[in-house]
Amino acid sequence: MPAQSIWTLLSWGPEGWLDDIAYGALITIALALATLPIGLTIGFFIALAKQSEEPSLRLAANIYTTVFRGLPELVTLFLFFFGMPILLQHLVRYFRPDTTIDVNSFVAGMIVLALIFSSYASEVFLSAFRAIPKGQYEGGYAIGLSNWLTMRKVIVPQLLRIAFPGLENCWLSLLKDTSLVSVVGLAETLRNASIAARVTKHAFL
């Protein structure tokens, strides 16, 4: 294919596809950034639950991580995107039978990716918790700090520093997993690039 036609296809405007691919890249980044704080928060509390003295909390946290780490990501996405509207429809039909419930693909992807991300992040946080000596907790209590203040001022700063390399790997996995959301119609990078390749018959797009 001539070089000029390559640059035409990769240009901005109605004749090119670069604007669509760039928009898809923005959606990918937005999805990952929206998922990150939710996944980190859930993962942190799951790690706390795994260390709890309450057996039921430990059991629930272990079941959570086992399920969401064991289920294929696509299966989880399909269950939520297609199954959740059906479940909600059955619940609300007793109050408003004519209501139709649809799940936004971006929101569905964000929630599913957050659940998956948090199940891996919780293990990173758990390892970081176990790497902090018990003397750090005892030192906080000895100077009169409450459990909450000890966690916030003594433990969490060390925890984040220890957990950062593992969380960085989880973040990279999250970025790659955003491509799965294309199967439910979200116009992210992979979907827009695939459409461009099919339309132009040039797979380099």
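What follows is calculated from the coordinates using simple rules that are stated; it is not laboratory data. For clarity, every value in this text was computed on a predicted model and none was experimentally measured. Please note: Cβ atoms are built from the backbone with ideal geometry, for glycine as well, and neighbour counts cover all protein chains shown.
Worth a mention:
- Rounded to whole numbers, the Karplus 3J(HN,Hα) couplings from phi for segment 68-80 are 7, 7, x, 6, x, 4, 5, 4, 4, 5, 5, 4, 6 Hz, using 6.51 cos²θ - 1.76 cosθ + 1.60 with θ = phi - 60°, and x at Gly and Pro.
- Potential lengthening of the chain between Val67 and Leu149 amounts to 26.3 nm, from the contour at 0.36 nm per residue minus the alpha-carbon distance.
- Positive contributions from Lys and Arg (+1) and negative ones from Asp and Glu (-1), summed over other residues with Cβ under 15 Å from the Cβ of Tyr137, come out at +2.
- Taken along its principal axes, the alpha carbon cloud of segment 15-200 reaches lengths of 67, 47, 26 Å, longest axis first.
- Segment 15-200, relative contact order [Cα under 8 Å, separation at least 6], %: 37 percent
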